[in-house]
């Protein structure tokens with residue numbers, strides 16, 4: 001729901017803040033007062049083309065900003081888009097666009113920089129602006145398809161098509177990946193065979209590199225190790241003097257003898273005995289290590305060669321022995337797949353064909369549902385157009401299969417259908433695409449009829465109509481007003497009008513006026529109360545406010561249309 005529009009330095013507008021209300025809003029005013037400027041301002045936020053000519057004279061830039069509160073259904077349409085763009089998300093949306101004399105334009109969404117294309121993608125999901133030169137909403141073929149599917153309640157059929165389409169794409173991609181040219185396949189097979197043989201011949205073992213590095217460190221320092229062991233052995237044995245083992249034994253014997261007279265010495269005696277046992281065990285380990293100590297230089301050379309071989313393999317296939325072995329397993333699998341290429345390709349082709357068959361059946365079910373819904377929608381819209389002073393108008397929702405150059409259907413996540421709304425305003429005119437044949441007023445009324453029929457299912461909450469009263473008066477104008485009030489019960493409607501009947505049906509009435517002050521022209525917008533509405537309705541009826549008949553007519557019209565003054 002569009003809550004507040006801010007415009008600064010745009011054409012005739014110096015500064016304007018317009019809080020739009022829920023329900024039915026109308027804008028009226030004298031010709032040239034600036035109604036189109038407000039619609040241009042909203043169009044800029046929807047991604048329409050901007051121009052330096054829109055900037056107010058004497059200013060270097062113009063700013064348009066809207067604060068929009070989003071309902072849960074609109075949030076569901078907008079949130080994924082903002083997340084895809086990496087923009088901040090909230091339950092309300094702030095969109096701004098600034099135009100500069102240099103031609104530069106700066107767009108922001110929730111305070112972050114955005115592009116005009118992003119505004120366009122975001123805008124048509126929130127607001128539909130309908131007028132002679134607008135190409136939003138139901139003039140877009142993708143929006144026409146969305147409207148038809150909403151009308152026909154095709155949610156489950158669409159979900160099935162999208163699931164089948166994704167499955168088909170995955171099967172198709174897997175099959176196409178097997179279709180390497182024969183030369184490329186042979187080259188890849190040779191490369192894999194060489195790599196597998198190279199790794200197999202190396203006979204790598206998990207943890208081997210660490211063990212080799214540990215053994216190399218020992219062999220590189222064998223002299224230091226031998227010297228240390230010999231010294232430790234001499235300290236323990238004594239070698240001509242009394243060694244540590246003998247001294248520990250003597251100390252234990254003396255303390256044990258003293259403990260016979262002093263019980264408190266028993267703990268010391270036990271500790272000395274334990275120390276003697278540990279020293280004796282350490283001595284045996286040292287003796288064994290000395291016996292096993294090997295100074296063969298050929299083993300060190302062999303270790304260096306093995307480590308060099310491992311490093312060479314790691315440079316090619318992975319940072320560790322484990323990664324090299326993992327690459328080996330992958331290479332073996334790929335080689336086997338290439339050796340059984342035809343068998344795998346045949347299996348994947350069959351999977352792709354089965355997926356395409358399932359997709360086609362889902363698309364066909366959706367197609368039939370759309371054809372039936374299109375006929376009902378066309379009939380309902382034509383009936384509504386009759387009440388909008390378009391008795392000869394025809395609308396046809398045409399559905400046909402989208403095909404490729406070879407005649408086969410072209411699939412997408414929305415099925416294989418092409419949908420177009422065709423329109424004819426007068427007897428004898430052939431049906432043509434809606435946006436190419438309707439005048440501004442006819443287009444707006446046709447879109448109003450569509451929106452009226454779709455009122456219960458459409459999830460767009462803000463609609464803007466311009467020139468909807470062109471060529472409409474009397475009872476037909478009242479019918480237009482009633483249709484707009486019907487739509488406004490569940491969404492926000494903004495309408496620029498010259499029709500008193502339409503203005504009287506609105507819940508909120510804004511008056512646009514142009515004034516001259518200090519040598520410059522200003523456009524302002526006022527929200528009218530009941531008396532103000534009566535005066536404006538009298539003017540729209542073609543008489544001044546001093547004309548008592550016109551004023552009486554305006555009061556009666558306001559009462560009959562059931563609108564309440566603000």
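Read-outs throughout are calculated quantities, based only on the coordinates presented, and are distinct from any laboratory measurement. Everything numeric here is computed off the predicted structure, so don't read it as measured data. In this analysis, Cβ positions are derived from the backbone assuming ideal geometry, glycine residues included, and neighbour counts consider all displayed protein chains.
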Helix 530-540 versus the longest principal axis of the chain: what angle, 0 to 90°, nearest 10, using Cα atoms?
60 degrees
Going by C-beta contacts inside 10 Å, put 446, 462, 227 in order with the fewest on the left.
227, 462, 446
Cβ density ranking, 10 Å radius, fewest first, applied to 417, 90 yields 90, 417
In whole angstrom, the spacing between the Cα centers of the range 186-246 and the range 37-71 equals 77 Å
State the Cα centre-to-centre distance between the range 460-520 and the range 342-359 in whole Å.
58 Å
How big is the equivalent ellipsoid of the range 1-148 along its three axes, where each semi-axis is √(5λ) from the Cα gyration tensor, reported in whole Å from largest to smallest?
24, 19, 15
Convex hull over the alpha-carbon atoms of the range 342-381: what's its volume per residue in Å³?
38 Å³
Please report, in whole Å³, the volume per residue of the convex hull around the C-alpha atoms of the range 284-328.
97 Å³
If each Cα of the chain is one equal point scatterer, what is log10 of I(q)/I(0) from the Debye formula at q = 0.09, 0.11 Å⁻¹?
-0.84, -1.08
Using the alpha-carbon atoms, what tilt in degrees (0 to 90, nearest 10) does helix 244-259 show relative to the longest principal axis of the chain?
80 degrees
From the helices alone, meaning DSSP H stretches of at least four residues, give me the mean residue ellipticity at 222 nm for the chain, per-run term -39500 (n - 2.57), in deg cm²/dmol to the nearest 500.
-18500 deg cm²/dmol
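Sorted from fewest to most neighbouring beta carbons within 10 Å, what does the list 6, 523 look like?
The fewest-first ordering by Cβ neighbours comes to 6, 523.
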Report the semi-axes of the equivalent ellipsoid for the range 185-339 in whole Å, largest first, where each axis is √(5λ) for an eigenvalue λ of the Cα gyration tensor.
59, 19, 9
Can you give the angle from 0 to 90° between the axis of helix 474-488 and the longest principal axis of the chain, with both taken from C-alpha atoms, to the nearest 10?
20 degrees
If packing is taken as the mean number of other Cβ atoms within 10 Å per residue, what is the order of 26-38, 66-78, highest first?
26-38, 66-78
